[in-house]
1. Assess whether GLY48 counts as being open to solvent by 10 Å² or more (accessible area, probe 1.4 Å) and outside any helix (DSSP H, G or I).
2. Going by the conditions given, is VAL33 within 30 Å of PRO267 (Cα to Cα), part of a loop (DSSP other than H, G, I, E, B) and touching a residue at least 60 places away in the same chain (Cβ under 8 Å)?
3. Please determine, by comparing only the residues of the stretch 104-126 that are in a loop (DSSP other than H, G, I, E, B), open to solvent by less than 20 Å² (accessible area, probe 1.4 Å) and in contact with a strand residue (DSSP E or B) (Cβ under 8 Å, 6 or more places away or on another chain), which one is farthest from the ligand (Cβ to nearest atom).
4. Return the residues of the stretch 1-27 that are open to solvent by 70 Å² or more (accessible area, probe 1.4 Å) and within 16 Å of GLU323 (Cβ to Cβ); say none if nothing qualifies.
5. Which condition number in (1) among the β-branched types (Val, Ile, Thr); (2) closer than 26 Å to LEU27 by Cβ; (3) within 15 Å of the ligand (Cβ to nearest atom) is the one that VAL138 fails?
6. Looking at the structure I just gave you, is GLY68 buried (at least 20 other Cβ atoms within 10 Å of the Cβ) and small (Gly, Ala, Ser)?
7. Go through (1) free of Cβ contacts under 8 Å to residues at least 24 places away in the same chain; (2) over 20 Å from PHE50 (Cα atoms) and name the single condition ALA284 misses.
8. Being open to solvent by 60 Å² or more (accessible area, probe 1.4 Å), more than 11 Å from the ligand (Cβ to nearest atom) and touching a residue at least 12 places away in the same chain (Cβ under 8 Å) narrows it down to one of ASN186, ASN182, so name that one.
Amino acid sequence: MQRLRRLRRNMAFRELVAETSVKPRGLILPVFVCEGQGLKQPVPSMPGVFRYSVDRLEEIADAVRRSGIGGMMLFGVPDHKDETGSGACSDDGVVQRALRFLRAYLKRTGAEFLLIADVCLCEYTSHGHCGVLCDGDVDNDRSLPLHAAAALSCVKAGADMVAPSSMMDGVVAAIRAVLDENGFENTPIMGYSAKFASAFYGPFRDAADSAPQSGDRKGYQMDYRNGREALREADTDMEEGADIVMVKPGLAYLDVLSRVAQISDRPVAVYNVSGEYSMVKAAAQAGWIDEKAIVAEELTAFFRAGADIVITYHALDYVKWTEGKE
Ligand code: PBG
């Protein structure tokens, strides 16, 4: 008989042979930044997640610093929206102001976590699509310079890295070119390489007020029936110069994550998205699952499947629960 239970007999054996661990430095917390002052607004569909006005960011920055996670990824919730999402590339936009505030915070405190800017237009366009519309369709090539300008503006404001999430073809190359032309050749790009058109983004669209006013995102985000195509997306982003590739969402796409991790010669990130978070929260609030155990199991699964980086709304909770760090 093969006695596989021998090495499971006690904690010391299990720890000795454990293949995977969750590293706090590999966790990134998404943060929503809104206009206004003194605001910390709860997101109803995401218990424990808030929208912060720039002047209230210190609180979350302190929590990120104390926890020792890798950094935060910023999403803007602007008041003003228009057809072309011009707010995304305004040097005075909400994310740009947040970045300047946080850059100063890092300098003042000596903290070393990363500031990552999500680059997309959907929070800034009146129609809620991720690019500019032409005859009701998102015009890929006309959208590229807008994404590039948004990325440049975020980097100038203090972003350590930009993460284009629009799934426009060529967006990584367009951003790389503009950053290089402006002397930011050392700023990395994390591509949302295999981002699927997914119902798991529902709560995020509440939080960021970014739901499309008409239609859906199936004309640019990936079809969830396709795995092989995700490899092509990752390859294309790498050819265009992505330093990190991402798979999104996470839990229903562990097969895709694993395949991308096998072919990628760069670090691989996974985005544990809003719907995944909200399902855990709802079931935990109902008393149906053990939240801490579920979160540990999920985050471990991402690393086991091949992720180097996990973007998750659970980041601070996870570290608090496992290491007693606030
Ligand atoms: C913007 C963007 C979305 C998410 C991250 N960036 C929403 C979307 O594509 O509709 C989703 C994140 C989440 O659900 O947590 N393009």
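1. On the way: open to solvent by 10 Å² or more (accessible area, probe 1.4 Å): yes; outside any helix (DSSP H, G or I): yes.
Yes, satisfied.
2. No: the conditions fail for VAL33.
3. Here is the first cut: in the stretch 104-126, the ones in a loop (DSSP other than H, G, I, E, B) are 110-113, 120-124, 126.
Then drop every residue that is not open to solvent by less than 20 Å² (accessible area, probe 1.4 Å), which leaves 111, 113, 120-124.
Okay, now just the ones that are also in contact with a strand residue (DSSP E or B) (Cβ under 8 Å, 6 or more places away or on another chain), so 113, 120, 123-124.
Working: PHE113: 19, CYS120: 4, GLU123: 7, TYR124: 10 Å.
The residue in question is PHE113.
4. Residues satisfying the conditions are GLU15, SER21, LYS23, ARG25.
5. Exception for VAL138: condition (2).
6. In short, no.
7. Here ALA284 meets the rest and fails (2).
8. ASN182
The values are calculated or read from the model by the stated rules, or taken from the named source; none is laboratory data. Everything quoted here is computed from the prediction, not taken from an experiment. Because the Cβ atoms are built from the backbone with ideal geometry, glycine has one as well, and the counts that use them run over all protein chains shown. Accessible surface is based on the protein model in full, side chains and every heavy atom, while ligands, DNA and RNA are left aside. Shrake-Rupley method; radii C 1.70, N 1.55, O 1.52, S 1.80 Å.
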